[in-house]
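Every number in this text was worked out from the coordinates using simple rules, so none of it is lab data. The structure presented is a predicted model; accordingly, all values stated were derived computationally and were not measured. Don't worry about glycine lacking a Cβ; one is built from the backbone with ideal geometry, like all the others, and counts go over all protein chains shown.
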Amino acid sequence: MNNLRLVFSIIFLSIAIVGVSSASESTHPVAVQAGDLVRIILPGESTLDRAFEVDRQGRLLLPEVGTVEVAGLTEPQMQDRVAQRLGQAFRDLSGLKVMIQERRIRINVLGFVEQPGEIVLPAGASVQMALREAGGLRSGAQINRMQLRRAGERSVFDYKAYLDSGDMEKLPSLNSLDTLFVPASPKIGNVAVKFDPKALNDKGDAAEDRTAVKVFGEVYNPGSFSFKENATLVDMLMRAGGVTRYASVEQIRVIINSKPQVFNLTRYLDSGDASTLPVLKAGTTIFVPKQQEEIKSGANTVYVMGEVFKPGAYEGNKNAGFLDVLANAGGPTRFAETRQIRVIRRDGRVERFDLLSFTEGMGATTPELMAGDAIFVPEKTDLNEKSWTKVAPDRAVKVIGEVNRPGRFEWSDEMSLMDLLAHAGGPKPNADTAKIRIVLPASNGATDTRIFDLNDFLNGHLSQQDLPRITAGTVVMVPDLPDDPSDNKSQWVRQASDDSIYLFGQVGAPGRYRFDPKLHFLDILAAADGPTRNADISNVRISHRNGTTAKVTKLDLAMYFETGDESLLPHVRPGDSIYVPEKDRNWLAETKDTTIRVLGAVNKPGRYRFNDDMTLLDLLAEAGGLNNDGYPEKITVVNLSCCRDQARTFDLNEFSKTGNFSMLPVLRAGDTVYVPSEKDSDWSKARQGLEDVFRVLTVSALLGFI
């Protein structure tokens with residue numbers, strides 16, 4: 001029982017402590033400091049839904065609004081300030097949450113450490129953690145006089161005392177924006193030297209002995225080596241690691257007793273004659289010089305330079321030809337431009353030789369070489385290299401415009417326009433391949449421009465012989481297609497009016513469009529997103545502007561969709577204009593010869609377009625039908641189109657009873673339909689007369705009664 005009471009007492013005490021701690025935290029809220037990670041949550045905004053670090057100036061750098069000062073603020077204060085700034089760019093901040101995700105400190109570690117600079121550590125990090133983050137201490141650091149600088153004040157602490165005792169109380173706590181400085185020991189001197197024993201060469205085993213044998217030059221381990229009786233020069237070279245690949249073994253210099261001599265190691269190795277070896281003495285000096293290339297010249301010398309495997313000077317003879325000398329130099333490398341090999345004559349003349357054409361049997365002949373000539377094999381032009389100066393202007397072709405790799409390319413007569421376009425990576429998707437411009441240089445310094453339709457070639461309408469001939473100096477321009485006029489009105493002004501078709505009226509995207517004569521009328525209509533729902537497709541007008549006289553074609557597009565008759569569609573060409581009128585347009589725009597007037601007691605009197613497929617019933621339905629005052633027994637039709645001044649009446653009630661369509665009067669464009677009001681009928685007039693009579697009698701009776 002006593003144990004149970006003890007347990008409950010401990011639990012209550014823990015709860016009380018936690019409550020006091022919570023109350024203390026609520027009394028002293030945590031303030032934001034430099035180095036902290038602040039989490040911002042704003043649903044729907046991915047650029048903000050992440051953690052941001054408080055910089056050294058105590059600011060958050062937020063997208064759209066810039067920097068926000070948050071250092072020293074509590075979390076609620078920080079949320080209010082961030083919300084105030086974000087409200088300048090974002091409208092809905094109802095779901096905004098701003099909180100401290102991780103407490104961190106930002107300090108500077110300077111002085112004798114491996115990686116001095118600013119570091120970021122978790123809150124509560126120790127001095128040892130800061131030194132480890134800075135790469136550790138350098139050799140020669142004075143660890144008993146470390147300094148901590150905070151807000152302009154400096155304190156000195158003994159880091160060695162901590163290392164000796166492990167007592168954390170001997171280390172100061174770190175706050176954000178502190179500076180930890182590690183001084184250097186006064187015993188290390190004023191010159192910083194990094195000692196790396198791996199980088200030092202082996203200086204031999206007798207570096208300080210004046211009787212040692214000194215070996216230097218083109219050997220792997222030069223140095224001073226102890227002298228041993230009966231040791232030969234080869235033994236000493238082996239002790240020095242042997243000679244390098246650049247050593248001139250025929251010209252080894254040996255100084256014995258202050259007397260220099262030359263030793264030929266190659267001759268000794270070829271003969272094995274030990275008598276040729278010099279007898280070494282104490283203090284001998286051995287020097288292995290670097291091999292020097294001998295400059296070859298003579299009456300039969302031919303020079304090979306550039307992209308060959310073994311460039312140099314070669315001795316020729318009367319029977320040695322061009323290919324013999326080139327093969328003796330190892331042949332061209334994979335970087336060689338074999339089409340532009342140059343032979344530089346001794347008198348300064350330059351001849352070009354196409355080795356590729358020669359190997360393909362295309363008629364080229366090898367040049368004849370003479371003593372003193374030089375063969376130069378140039379480097380192949382790299383397509384990825386932006387510099388075009390490697391291609392001479394007299395053999396270059398320029399490709400510009402909408403290709404994947406525009407630039408300046410080397411030209412060869414075996415190439416065609418297709419080869420050149422392929423060399424440039426081909427046209428881009430927005431390239432106008434029907435209007436490729438080829439600018440050829442003319443003899444008088446002018447230019448000759450030709451238009452080439454690549455689509456005709458790709459569709460099989462042209463052969464290889466129809467391709468335009470390209471020469472060096474030609475400019476090939478691949479233009480781009482004009483942008484959609486609904487997207488950018490400033491772009492299509494570059495398009496020539498002679499290549500355009502104009503679309504106006506009730507279409508999805510009216511404007512000026514590039515048109516190929518091989519395309520169909522429906523192609524250009526589809527390019528403009530087709531007619532709108534308000535379009536009157538039965539009265540489309542096409543103005544042909546490319547002829548000698550003006551001509552307008554009328555198109556009933558609705559009839560085409562009903563019948564599928566292709567003959568109804570007009571043939572359009574660049575320069576034409578297409579107008580799609582509005583369905584409910586002003587009747588004043590209609591001519592009287594193409595409409596029928598509907599007057600009288602109808603809901604929508606006016607002028608209506610009429611065709612031969614319509615009847616009087618269709619016309620009355622389009623006019624909204626008779627209103628409440630309409631008199632259907634006496635509908636009058638005035639025929640002005642066929643029989644002038646002739647009028648007929650139609651009884652709509654009688655027709656509705658019998659359904660006899662022969663009773664319907666014939667209508668033509670230009671006629672007038674009048675629906676009288678019921679008050680104008682004979683019965684209505686008779687009824688009105690009777691009402692007047694009864695009204696008079698009633699008044700008379702009343703007067704007599706009075």
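For Ala336, nonlocal amide neighbours, meaning residues 5 or more places apart or on other chains whose placed amide H falls under 5 Å from its own, are Lys380.
Each label point was placed 7 Å from the Cα along the Cα-to-Cβ direction; for Phe216 and Asp453 their separation is 8.3 nm. Here are some pairs, Lys435/Lys518; Lys259/Lys281; Lys259/Lys290; Lys228/Lys290; Lys518/Lys551; which of them have Cα atoms lying more than 18 Å apart in this structure? Those over the limit are Lys259/Lys290; Lys228/Lys290; Lys518/Lys551. Along Cα→Cβ, 7 Å out, is where each label goes; now give me the distance between the ones at Glu582 and Arg149 in nm to one decimal. For the pair Glu582/Arg149, the computed spacing is 7.8 nm.
If you plug the beta carbon distance of Ala446 and Glu566 into 1/(1 + (r/R0)^6) with R0 = 51 Å, you get a FRET efficiency near 0.65. A Förster distance of 60 Å, applied to the separation of the beta-carbon atoms of Ala31 and Lys428, puts the FRET efficiency at 0.55. Here Thr658, Thr67 are placed in order of increasing Cβ neighbour count within 10 Å, fewest first, which gives Thr658, Thr67.
Here the spin labels are modelled as points 7 Å beyond Cα on the Cα-Cβ line, and at Asp235 and Arg334 they lie 5.0 nm apart.
I'd like the FRET efficiency for Ser173 and Phe90, computed as 1/(1 + (r/R0)^6) with the beta carbon distance as r and R0 of 35 Å, rounded to 0.05. With R0 = 35 Å, the Cβ-Cβ based efficiency is 0.30. When the trypsin sites (Lys or Arg not before Pro) in the range 399-490 are filtered for DSSP coil states and for at most 13 other beta-carbon atoms within 10 Å of their beta-carbon, the remaining sites are Arg469, Lys489. For the range 31-102, the relative contact order comes to 39 percent (Cα pairs under 8 Å, sequence separation of at least 6).
Cβ crowding within 10 Å, taken as a proxy for footprinting-reagent exposure, orders Met477, Met236 from fewest neighbours to most as Met477, Met236.
Which of rounded, prolate, oblate describes the range 105-182, given a ≥ b ≥ c as roots of the alpha-carbon gyration tensor eigenvalues and a/c under 1.5 marking rounded, otherwise prolate only if a/b is larger than b/c? Note, shape of the range 105-182 comes out rounded.
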